[in-house]
Structures are given as structure tokens and as C-alpha cells.
1. Just counting partner chain Cβ atoms within 10 Å, what average do the residues of peptide B:82-89 show around their Cβ?
2. Less than 21 Å apart at the alpha-carbon level, and either on another chain or at least 8 residues along: which lysines does that give for A:K112?
3. In Å², and per residue, what accessible area does chain C have when probed at 1.4 Å with the other protein chains present?
4. Determine which chain D residue has its Cβ at minimum distance from the rotation axis mapping D onto B, giving the value in whole Å.
5. Using a/c under 1.5 as the rounded threshold, could you call chain B rounded, prolate or oblate? The axes a ≥ b ≥ c are square roots of the C-alpha gyration tensor eigenvalues, and prolate needs a/b larger than b/c, oblate otherwise.
6. Amide H to amide H, which residues 5 or more places from A:Y173 or on other chains are under 5 Å from it, using H placed in the peptide plane?
7. Which of rounded, prolate, oblate describes the range B:1-91, given a ≥ b ≥ c as roots of the alpha-carbon gyration tensor eigenvalues and a/c under 1.5 marking rounded, otherwise prolate only if a/b is larger than b/c?
8. Taking the range A:127-198, which GluC sites (Glu not before Pro) meet the DSSP loop condition and have no more than 16 other C-beta atoms within 10 Å?
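The values are calculated or read from the model by the stated rules, or taken from the named source; none is laboratory data. Computed from a predicted model, the values in this text were never measured in an experiment. Note that we place each Cβ from the backbone using ideal geometry, even for glycine, and neighbour counts take in every protein chain shown. To get the accessible areas, we keep the full protein, side chains included, count just its heavy atoms, and leave off ligands, DNA and RNA. Shrake-Rupley method; radii C 1.70, N 1.55, O 1.52, S 1.80 Å.
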There are 4 protein chains.
Amino acid sequence: MSPFRVDLNADVGESFGTYVLGQDPALMPSITSANVACGFHAGDPSVMRETVGLAARHGVAVGAHPGFPDLSGFGRRPMTLSAREVEDIVAYQVGALAGIAAACGLRLQHVKAHGALYNMAASDRQLADAIARALVAVDRSLVMVGLSGSALIAAGRDAGLATASEVFADRAYRADGTLVPRHLPGAVLGEEATVTARAVRMVRERAVTAEDGAIVALDVDTICVHGDTPGAAALARGVRAALEQAGVVVKAMR
Amino acid sequence: MSPFRVDLNADVGESFGTYVLGQDPALMPSITSANVACGFHAGDPSVMRETVGLAARHGVAVGAHPGFPDLSGFGRRPMTLSAREVEDIVAYQVGALAGIAAACGLRLQHVKAHGALYNMAASDRQLADAIARALVAVDRSLVMVGLSGSALIAAGRDAGLATASEVFADRAYRADGTLVPRHLPGAVLGEEATVTARAVRMVRERAVTAEDGAIVALDVDTICVHGDTPGAAALARGVRAALEQAGVVVKAMR
Amino acid sequence: MSPFRVDLNADVGESFGTYVLGQDPALMPSITSANVACGFHAGDPSVMRETVGLAARHGVAVGAHPGFPDLSGFGRRPMTLSAREVEDIVAYQVGALAGIAAACGLRLQHVKAHGALYNMAASDRQLADAIARALVAVDRSLVMVGLSGSALIAAGRDAGLATASEVFADRAYRADGTLVPRHLPGAVLGEEATVTARAVRMVRERAVTAEDGAIVALDVDTICVHGDTPGAAALARGVRAALEQAGVVVKAMR
Amino acid sequence: MSPFRVDLNADVGESFGTYVLGQDPALMPSITSANVACGFHAGDPSVMRETVGLAARHGVAVGAHPGFPDLSGFGRRPMTLSAREVEDIVAYQVGALAGIAAACGLRLQHVKAHGALYNMAASDRQLADAIARALVAVDRSLVMVGLSGSALIAAGRDAGLATASEVFADRAYRADGTLVPRHLPGAVLGEEATVTARAVRMVRERAVTAEDGAIVALDVDTICVHGDTPGAAALARGVRAALEQAGVVVKAMR
């Protein structure tokens, strides 16, 4: 049996009302965990139900993807909420998706914060703790997903939650283990061969080469696959195939 | 032991952000079931958490009070949603409150639709069935609350749910068992003696006198107490005292 | 000089935040009036500004396309608002777009209600009057666009506004001049030859053949061209070319 | 004739749907300029219309009070919007209120940003410039209101706008002319005698004593009067009376 194992996750269910976003049906066959938007930054109750149903049909584990209450900014704009407000909006969104999932006969596997909330909580321990408290409160069996090495993982562990350390095969890293911000040149890697090679190396060697050439050690439980670019579904397929060819078992995080 | 028993319910948690509505703290000692707004027509995650905590401290059972997505109209404006959309928004809102309640160590007891959704589903069996399906899907132990004799009760029963037939001691009835619409003169009764006498009679005789003098038979599991008028808390206290003095056990519906 | 003249209008600016809808850039060269969504059922301030700028660059006249406050339902779900509420939401949305348009050096030409608001006001004179009052209040030089022969046109005229009677070349008509509802078979005509021939006949003969073969007389100031289907831009080009070839001057309504 | 003159402004129209906030009718007789919320952080089209009508009946000049799109946070939570987004949301909100005001036969006098947007733009010149651009674009006769000595005033002047420097008689100042943040002890002064004395001194001496005893020079065109505390209306009356008794002409800013 292979000693290497990883989960592939993607953000899905980001359509809203009449607005269609992403390519969920094409992505589902390649992933093992789906982060479903919960209606604050994207998604609505009917989109959520359809997305959970789609995941169920593909045997993909379902998790909540809570974000800031900012539909017009897609949850990508930093907002200053108190820790208490963050705890409450996360509990609300996780509960809402759990209700929808129950209607499909599913339990939630994990929670991964979205966009600005994810980024801010990766380095702000108070926000990370607020998110962890919400998970403990709603269902302590939920896996808390966060950037490898970040405050999110530390907060989850200290709260007694199972955690999943996330890495990004298509993003450039800095020597300190943080991601190069999206708006900088070279932040996003597009070439399939590069991305798949990085994914395999991340899993097998628990490391990535930073932009300055430094070797960064990583915890790697799950790899994020993006779904919002034209070639996204093909890239996800390529990453999964490369991982399996390299002897890695691709399996839901729990 | 008294053969008479009834629940007293009220709509609570209707504040939003900086906006305060109702007088929940004054009302809680008099009621046995709290219908908590879920963020669509009123309420927000932090208000929901505070409201559930308040109910817990008073030993009041907690239920969801889902409404149309219409904050500016407080969920009182009829909207034309498909049965599927109604099922989804109810599952979402019930799940969201269940998540918040879990954070307070509570399980939900019941679901009562709000405003225009309640009124429309009282006479529209397709909407009532959609609500019942949402309850079955999320948690089949939830009690479905609806107007006594309405499609809501029929839908709940046919779906295998426990139901609670609701009556209004401060509202005028028509001979067919429906309420006189709010905007008509005489629709709302304000005098405490009248309201408390009606409440006692409703529970002990399972009947109410309609505006034309007809006697209307009622199923009476729960009496709705309003919280949004100046004297509301005092009236609720009066109704509860009158019921207990008449030998009625006032107790949560389950 | 040709005695025949008509305006071609389309609904544009229906994107929202990160969500893209329609094909405005491809549509603009074919139309003479743009109905810009105003943020209630679709559109946001930045989308509005970009859309007005795009229209300006194509010499297309700009109008407001106000709808119900229902982003998740795209303004297509009937809602029960009071006449006063309708007047206020229309004044608000028209003013908002006028502000954005002023920033681009433009004045608004017209107002056309959207979706359920348009359909309801076409047959509900009180709603139509409320819309007309909003136009008079904000700017009495605005042209009120409405379904040919509907309450919208009558209300606009009685309020002293210029009106533009709208027809739909790609929709089936009933003998009473109303449209066959979208969900019925045959309601939407897709074949380009059919649609262009109807458009030309509508303008030259002021008539359309209803589904039962009856000839329906029409006032025809503007033809609505849809932008939300894959072949929409091509169809709009075809309609315009056919009109011009038939000697019709295609020109903004004012 | 008195050489001293000042405007008294207050934030009004902050109710929303069924939610009532503030005490506008009691406040109106004491103020000369009303900052009307525009639907993003508070207010809705019907509340705006009622508020403008109320101001008109009291002869109070009307201005827009645009805020972040954050109803649940009342626009008090910092959000990271681009300068372009800020320009667009300000143009939208100013236009919307101008439309509503036109319906009441009024033109807008001024624009004062709300809450977090005001505070952030007071020290962030890029945001202040974005607001100024929106005013120039929509109507260059609008007066730009901002904290005395702040980037808002500089931006307004550089954009060629009339400006009004605002001071707060009931807030503690720092030696650098900024306000002591609300959450710090002593930030808000409540005693009427203190507040009225400060108001008079601010206007007559163009100065205020900071918390450390330093004398801070101020430009003083308008004094902000708060309307959201129990004694607010009485305090406003007191401030106005004290000013007039001290020979100050209290008059709208333009």
C-alpha cells in the first residue's frame, strides 16, 4: 500500500440565482472534497442543494465554504468584523449547509473559510480561533481546513479539531510559507506540467520551492484545485492523473 | 392532573444589526416556545445567537421562523417562489438556526413559517408541502407549526411530522376558521380582558366565536402571543396567568 | 425620406460583482437604446458605470431598467409592493443611474421597468401610475417605455410623459395583444428568418399575427431585442439589417 | 451683523423597512443640514422619501450620506474597496437620493460620507479623491463635507468643490486634530453644558482643547449633532440655543 495520500479540494457552488459561475460538473470527477459556498459571498439555497446533490452523485465529500457577507465583492474584500461576529457568521453558514446536506442524506466533512476571511484568519489568530470555536460549537467532528503552517491549523488543533493542511500547486510560495499575493507577477502558475509536477512533489516530499529558490517544508493533507478559469477542469484532471501515476492515493480528507 | 394543556409561542429575534425590534427579554418569562427569525426577513447570525441564549436561560424551547428573502419588507410581502425554492430557503434557514442553537447546546423543537410565507402556505397546499419536505429532510423530529385547520397542518401530518395547531387569541376569526386580515377594522383585539378570556376559552372549549357570531371549532396546541406592540409583554403575562388560573398547564409543545 | 422608423432596445448591464451575464459588447452595435439594470434585480454601481460608458462609446441612448428588490430571483418573481413603494424604488433606481450617467456626461433618455414589475404594471393601472409618477417626479423629460397597448402606455400618457410602445419580434402574441407567457410552448420564436420578418412587418404594417391567426394592431415605437441567449447578438444584427434593408430608419426613441 | 456663522448637521433617515432608528422629527427643528442615508448602510427608498419630505417641511437643507454596502454592520466596519468602487458607490447613492429629492422638489446641497468610509477617507487621500470625483461627476455644485483638516477637505478643494469643514462638539480631540476613537474612555462627551460651551468656542475661536490640554486650531463650517442617543434632540436644541445666544448665525452651509 502506498505511503502517500492526499485529498483534492475545490471551491464549488459559487453560482447565484440566475448567475452561473464555475464549471462544477466538469470538476467533480477529479476532486475528493467540495467546498460549497453558503450564500454570504456566493451561492444560494437552491444552488447549494444542487451542488450537494452533484457532489453526492460523484462520491465527493462535502464541506462548508463560509465567507464574509459581501456578495458584490465575492467575499474577497477584507472586512473588519469582531471575532464574535466571525464566529456567528461561520456557525450560521455551516449550519445552513448542514441543513441542506441533511436533505440530501449527507453530513458535512469539513469547513474551509473563503477568500478574505481565509487569508485574514491565516495570519490572525483571533479570527482563526473564532472560526475554530464555530466548528466546535456546531459539530466537533468537522475537519478544519487551512493554509499549511498557518494560524488556521494551529487554532484548529488547539481547539481539539481534526485539521487538514492545504497547499496550492498552482500558486507561487514565499520563503516563509505564505503565498505570493495574486496581483503580483508570477503569483499564479498556469502551465499544466509545472503544476502537476509541483503537486506530486508537494505530496511526496512535503516541500515546495519558493520564488527565491528556498525549499519550504509543508504539511500536505489537501491540494486546492481552482475551478474558475477556462482550463480549470482539465488541469484538475491532469493533477489527479499525475498524482495517481506517482503512486499517491487520492482520497477524501477523512 | 389537568386535562388542559397549551403552549405559548412568540416571534422573537427580529432585530438586525444595529436595529432593535421587539421586547424579547420582557416576553421570554411568559412564553414556552420561541420562534427565532433566521436572517431572511429579520435577524442576523449574532442576533440569533443572543436570542437562542436568552431562550435557553429562560427554559424556553427554540424553533425556526423562516421567511421570504425580503428584509426591506420584513417578509410580509407576498412573493411568488416555486415550491422547490421554498423548500430550499426553509431547509437553509432551519439549518442555519440549528447550527447556531447547537453552539448553545440546544436542539430545535419546531418550525413556524413567518409572515407572507405562513399566510400563503396556510391555504396553498403545494407551499405547505414544500415546507413539510424541508423539515423532513433536515430533521424529521421537528414539530411543524401552522394555523389550526390549515394546509400547513395537513401537509405536516401527511409528511409524518408532529404538528402543532396554532390559534390567535388577539385576532378576529371568520366563520371558516381563517383570520380577519390585519388591515380590516376589528381584526386585532387589544383589550386584555377580551384576549385572555378568548385564550382560556380556546383551550378549554376548543372553539372561538367568529365575527359573525358563528362558533368555530379549533385544534389548539399553541397560542401565538405578539411581541411587537407596546403592551405586548404585559398582555403575554396576562394570558399566561389567566390560563394557569383556569387550570391549564402551560408547557412547550413537545 | 422613409416614413418608417423604429428604435431597437435591449436589456444590458445585468452582470453583478464577479458574475457576468449577457453579451453587451456584442449587442451594442445593433441597438439604439440600452436599458441598464440599476442594482435591485441585477447590476451594481461599477457594472452600471461600465455599461453606460460602453453605450456612450457606441452612441446608444441610455435608460433605466428598474426592477423589484430581488437579486436572487433576478426581478422575475412577482412581489406585492404598495404603489407607494413602487414609486419610491423606481425613483431611487432612476436617480441612481442618472447619477452614474452624469458621471459619463450623459442624460437618461427613458425608463423601462424590468421583469415581474413590467409584466404586473402592464395590466395593473395602479402600479403603472406609480411608475409614471416616479418619472414625472425625477425628470419629466424621460420617455416611459411599455408594452404596446398596455396600462404602462396609458399611465405614461395620462401623466404627460412621452411614451414608447414596445413590441417583441421574437415572442408569440395572443389575440388581445398580450404576450404568450414564456413557459408555454411556442412562446419564444428562435428562427432568425421568422423573427426578422415579424420585426419588419410590425414596423411597416403596425400589426402582428397572433397564435390563433388573428391580426393584432400594434403601436410600434421600439422593438425589444434579447441579449441573454447564445445567438442573441447575431439575431439583433439580423433584425437591424432586415429593418434597414426594408427602408426602416433605426434610431433612438427620442 | 454677526461675523460668526455655522451650520448644524445631523445624520437622519437611518430607519430601514420596519426598523425605526433615530428621532428625526424631534431633531429637525434644531438642525440646518440633514445627511440622509442612501440605502447601503441604512435607509431605503421609502424612508429616504419620507426623510427628505420631513426636511423640506422644516426648511432643512438636504445632503447625501453614502456609506459602505454593509447593512448588517451599519457601515461602521472598515471594508477594503478600490478607489474606483468607492467612486461608483458614492455616485450611485448620491444619484439615488437626488432622484428622491427631485420628487420632493429639492436639489441636494452636500455630501457627507458615513461611518467607516468617512473615517477611512479622512486619512486616506486616495479614497477622499474618489469621493470628490464622484461629486464632480454627478453635480459639481455639491458641497463636500469632511472632518476639519482632513484629506476629505483637501480632496474636495483640489477637485474644485466647495467644502464644509466639520467639527464635533461632543467628541474628544487629539492634539493632531483627529478624534479620540469612540471605544476609548472619554471619547464621547455627554454633559450638555460641556458640549454647548465647546460648540460656542469652536465657532467663535476656531479652536478646541485636546485631551492633553493642547489648543487645536479648527476650520469650522458645520457642527455635527448626533441623533441616535436618548437625549440627542434635547442636546441639539441646547447647542443651537447656546450658539444663537452667543451671537452665532445658525444657517445651512450654502
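1. For this peptide, the per-residue mean of nearby foreign Cβ atoms is 4.
2. Answer for A:K112, where 21 Å is the Cα cut-off: A:K251, listed by chain and number.
3. Here the residues of chain C average 36 Å² of exposed surface.
4. D:Y19, 2
5. rounded
6. Hits under the 5 Å cutoff: A:V180, A:E211.
7. Because a/c hits 1.5 or more and a/b fails to exceed b/c, the range B:1-91 counts as oblate.
8. The qualifying sites are A:E191.
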